[in-house]
Amino acid sequence: MNNYKSFEVKDWLEDLRFRDWVYHGKDDAYWLNVLRDNPLQAANMEQAREILLAVKGNQDFISEAEVKLQVGEIMQAIPDENERRILYWWNGNWLRVAAVFLLMTGFATIFYKQKNITARFGNAAKSAFNDSETLTWTEIENKTTQIKLVNLPDGSSVILKKNARLRYPKHFTKEKREVELAGEAFFEVVKNPEQPFLVYAGNMVTKVKGTSFSIRANDEDDEVKLVVKTGIVEVSANDTGKKENGAEVKKLVLKPNEQVTFNRKNQTMIAKTVTTPVLLDLPVENQDFEFKRTPLADVFASLEKTYGLDIRYDKLAIAKCTITARLGDEPVSEKLDMICTVVNAKYETRNGVILVSSPGCE
Amino acid sequence: MKHSERLPEAYLTTRWQQFCRGDKTAFGEITEHNYAALYHYGTRFTPDRDMIKDCLQDLFLELWEKKESLSYISAIKPYLFQSLRNNLIHRIRRQSVFSEIKGDDPFDDISPESDWIVNETDQLTATRLKKAIDSLPRRQKEALYLKYYENLSYDEIASVMGLQRQAVANYLQYGIQKLRDYLQHVTIFLALFFSMG
């Protein structure tokens, strides 16, 4: 038994068991006894109690049912364990990868001042000046009416829509991966927290902190819009329109279903919550690669359509191969790796054509 | 008051480590165990209940996404409180800044005085207690809440609120003194004890 007789108000306040009684009504009988045995402490106890209640303040009643409901919503929003189990053997890959959906429309050509466009994609020209390789930028412009797939040096992939242009260095620096975009594009970025992925577009800089999101910008109305699908995305205003150090002025971290409207003229950002994070009319944007005993040929067809790929394979050899998996935001190369691992196949890329060789499935 | 039921610390730590390794059930348990306490803490900052719930959803989803990198955390509750606090303040600031409702420090104007009404005792006492707590600056109120209602240590409060330990000690000392002065003239007591049940 504590020596309550010599207690002062502050001692009562510090007494955890006393607080449990005041706040949660615990050990009621015990405390009524204490009160009876220590009548001189009644005033101290009462003052301590009032202080504690004042500290607690008004509290909403939040029922257990309400908590369960909220927790249920959270649990529903996270990936299902069963689906992940199917992907068990490639989980390693899966986790390293995050996709970024960047859909951008009509930007000023401010970033295209540099004209030293050299190596085209896939050109293995060896530079004698290794240092200058990071300074050598590649520009790809999709002049076709189809979508065009671009593979970046880090394994990330980008789908360019008609008239979209993408600039990227031959080698990314160790600190960050920087690309410049004009037009509409869909990005799938390899996750690497040590080396953030930055997209410069108009006066807005988009930085990927991890996982996936969607972006859209409209040149016509001076506004850039961005909506997060999942995960976290950081957006900032690039004051001068140049990517010089310290140029960023405002930063905004966006989370799922949050949309920001960036006004390019007065550099303001207005955030709000939206119901659907879908933005542009690319098939891949809203695509869920969910396969359940799907014939391999159909899976390839789906990839071909989505990414504008040309995949060649022996129809007879893979006739019995099926895929059960849910693919997400991985770059296209990771998707192909996963699929080929499952059916024990191999693939190589030649002149933009993907050649798949498979021993077949029984 | 489910959240106040103290599960053994070792159990919670184990569950946390399981969650970090991808155990969804452990994650659900952690979420449920902390939800109400975090929600109530959130009401200290904004009257917007939906915003608090949104923030909590984001917080836990983010937690799940970066679970692999969270195994170093030993003080779970302070970590969660700190995360919620940062998220809420960030959101509240952003709302006010970007909707051009500018104050020098919008955050200092957030806590609505009406939120501190004590509803457990009769109206007269409630008013008196509310007046007492309202006489304190917001941070003092917050430090007191974390210390006495949430049983956090000085160091934990310091990390949650981003303060030096000494600043926390000062807040608590002045806060209590002020409340005591305010309530000094208390003369009624016994009846209140029996009304608690």
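Bear in mind that the values in this text are calculations on the coordinates, not laboratory data. All figures in this text were calculated on a predicted structure; none of them were measured in a lab. Every residue, glycine among them, receives a Cβ derived from its backbone with ideal geometry; neighbour counts consider all protein chains shown.
What order do you get for A:Phe61, A:Phe289 when you list them from fewest to most C-beta neighbours inside 10 Å?
A:Phe61, A:Phe289
Given R₀ = 41 Å, FRET efficiency for A:Ala43-B:Arg165 by Cβ-Cβ distance, to 0.05?
Computed FRET efficiency for A:Ala43 and B:Arg165: 0.80.
Between B:Asn151 and A:Lys162, how high is the FRET efficiency from 1/(1 + (r/R0)^6) when r is the Cβ-Cβ distance and R₀ = 60 Å? Nearest 0.05.
In this case the efficiency is close to 0.45.
Set the Förster radius R0 to 25 Å, insert the Cβ-Cβ distance between B:Leu70 and B:Ala10 as r into 1/(1 + (r/R0)^6), and round the FRET efficiency to 0.05.
So the FRET efficiency works out to roughly 0.90.
Using only the alpha-carbon atoms of region A:8-56 as identical scatterers, what base-10 log of I(q)/I(0) does the Debye formula give at q = 0.16, 0.20 Å⁻¹?
Relative scattering, expressed as log10 I(q)/I(0), comes to -0.38, -0.60.
Going highest first, how would you order B:170-178, A:332-340 by mean Cβ packing within 10 Å?
Going by the mean number of other Cβ atoms within 10 Å, highest first, we get A:332-340, B:170-178.
Give A:Lys148/A:Lys174; A:Lys26/B:Lys147; A:Lys68/B:Lys77; A:Lys68/B:Lys53; A:Lys161/A:Lys207 a once-over and call out the pairs whose C-alpha atoms are over 23 Å from each other.
A:Lys148/A:Lys174
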